[in-house]
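Q: Could you have a look at this structure, given as structure tokens, before my questions?
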Amino acid sequence: MYKILIPLAAASALLAACGEQDPVNATQDAASVPVGQTSAMTLGANTVDGYITSAAMGDMYEIRAAEMALERSQNAEVRALAQLILDDHTAASEALQGIVQSQQIEVQMPAELDERRQGLLDNLRDADNFDEVFIDQQVAAHQEALTLHKGFADNEDAPELAAHAGNAVPKLEAHLEQARALDD
């Protein structure tokens with residue numbers, strides 16, 4: 001028996017051409033998880049600029065995903081989680097922007113999502129099994145966010161940002177717990 005090995009991108013294109021979009025999207029979403037965790041542990045948790053950019057990007061993704069869930073989901077529990085995420089991440093984003101401005105931190109706040117998170121939203125938008133994909137993405141995104149915020153919460157060089165990170169942790173843990181409960 002022969003095995004044919006083709007690059008992931010080619011396999012994704014082949015599956016998409018055959019009408020198998022969800023397996024491709026699921027693969028892309030799964031590949032995003034270790035990238036996000038590694039980024040949160042290294043760049044985001046260790047530098048002021050990295051933390052601000054990562055936290056702002058995470059909030060932006062969460063807000064957009066929650067808005068999409070409120071538009072598309074018919075499940076009351078998924079909608080409740082989406083509303084909680086929308087409210088908490090909007091507040092967190094506004095608080096972060098306030099700290100950046102009040103502390104006059106020279107950092108370029110992201111105006112658009114990075115390619116990885118935009119890909120997650122695109123996959124969510126295309127999902128036939130929307131609620132399942134939303135919950136899976138939320139579990140992964142909140143694990144990443146917890147890694148980021150816990151890692152920065154003890155930063156002595158930026159106490160206001162560290163306090164922001166520490167204050168975010170309980171809400172992120174609640175979101176993760178709720179998403180995991182819906183995943184079961």
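The values are calculated or read from the model by the stated rules, or taken from the named source; none is laboratory data. Bear in mind that the values here come from a model prediction, so they are computed numbers and not experimental data. Cβ: placed from backbone, ideal geometry, glycine included. Neighbour counts: every protein chain shown. Only protein heavy atoms, including side chains, enter the accessible area calculation; ligands, DNA and RNA are left aside. Shrake-Rupley method; radii C 1.70, N 1.55, O 1.52, S 1.80 Å.
Q: Among the listed residues Ala92, Ala82, Ala76, which satisfies the condition of being over 25 Å from Ala158 (Cα atoms) and buried (at least 17 other Cβ atoms within 10 Å of the Cβ)?
A: On the way: Ala92 fails: over 25 Å from Ala158 (Cα atoms); Ala76 fails: buried (at least 17 other Cβ atoms within 10 Å of the Cβ).
Just one listed residue meets the conditions, Ala82.
Q: Also, quick follow-up: Between a first residue in segment 76-96 that is in a helix (DSSP H, G or I) and a second residue that is acidic (Asp, Glu) and open to solvent by 40 Å² or more (accessible area, probe 1.4 Å), which pairs have beta carbons less than 7 Å apart while being 6 or more apart in sequence or on different chains?
A: So the pair list comes out as Val78/Asp131; Leu86/Glu67.
Q: Out of Glu112, Glu156, Glu173, which single residue is part of a helix (DSSP H, G or I) and open to solvent by 30 Å² or more (accessible area, probe 1.4 Å)?
A: Details: Glu112 fails: part of a helix (DSSP H, G or I); Glu156 fails: part of a helix (DSSP H, G or I).
Of the residues listed, the single one that is part of a helix (DSSP H, G or I) and open to solvent by 30 Å² or more (accessible area, probe 1.4 Å) is Glu173.
Q: Could I ask something else about it? Does any residue in segment 165-184 that is more than 17 Å from Leu86 (Cβ to Cβ) come within less than 8 Å, Cβ to Cβ, of a residue that is open to solvent by 50 Å² or more (accessible area, probe 1.4 Å) and of a type in the set (D, E, K, R) six or more places away or on a different chain, and which pairs are these?
A: Ala165/Lys150; Val169/Lys150; Asp183/Asp136
Q: Also: Just for segment 93-112: of the residues that are of a type in the set (S, T, N, Q) and touching a helix residue (DSSP H, G or I) at 6+ places or on another chain (Cβ under 7 Å), which one is modelled with the lowest pLDDT? I'd like the intermediate steps shown before the answer.
A: So in segment 93-112, the residues of a type in the set (S, T, N, Q) come out as 93, 97, 101-104, 108.
Checking the rest, the ones that are also touching a helix residue (DSSP H, G or I) at 6+ places or on another chain (Cβ under 7 Å) come to 93, 103.
Numbers: Ser93: 98, Gln103: 94.
So, considering only residues that are of a type in the set (S, T, N, Q) and touching a helix residue (DSSP H, G or I) at 6+ places or on another chain (Cβ under 7 Å), the one modelled with the lowest pLDDT is Gln103.
Q: Here is a list of conditions, (1) at pLDDT 95 or above; (2) open to solvent by less than 60 Å² (accessible area, probe 1.4 Å); (3) closer than 16 Å to Asp59 by Cβ; (4) not aromatic (Phe, Trp, Tyr), and Thr147 meets all of them except one; can you say which number that is?
A: In the conditions (1) at pLDDT 95 or above; (2) open to solvent by less than 60 Å² (accessible area, probe 1.4 Å); (3) closer than 16 Å to Asp59 by Cβ; (4) not aromatic (Phe, Trp, Tyr), Thr147 misses (1) alone.
Q: Step by step: first the residues of segment 44-71, then only those that are among the charged types (D, E, K, R) and surrounded by 17 or more Cβ atoms within 10 Å (Cβ to Cβ), then the one that is farthest from Val133 (Cα to Cα). Which residue is that?
A: Applying the filter and picking the extreme gives Asp59.
Q: Being among the aliphatic types (A, V, I, L, M), closer than 17 Å to Val78 by Cα and in contact with an Asp or Glu (Cβ under 7 Å, 6 or more places away or on another chain): is that true of Val139 here? Show your work before the answer.
A: Working: among the aliphatic types (A, V, I, L, M): yes; closer than 17 Å to Val78 by Cα: yes; in contact with an Asp or Glu (Cβ under 7 Å, 6 or more places away or on another chain): yes.
When the stated conditions are applied, Val139 passes them.
Q: Do we have Val133 as without any contact (Cβ under 8 Å) to a residue 24 or more places away in the chain and either surrounded by 18 or more Cβ atoms within 10 Å (Cβ to Cβ) or under 15 Å from the mean Cα position of the chain (by Cα) (or both) here?
A: Working: without any contact (Cβ under 8 Å) to a residue 24 or more places away in the chain: no; either surrounded by 18 or more Cβ atoms within 10 Å (Cβ to Cβ) or under 15 Å from the mean Cα position of the chain (by Cα) (or both): yes.
For Val133, the condition - without any contact (Cβ under 8 Å) to a residue 24 or more places away in the chain and either surrounded by 18 or more Cβ atoms within 10 Å (Cβ to Cβ) or under 15 Å from the mean Cα position of the chain (by Cα) (or both) - is not met.
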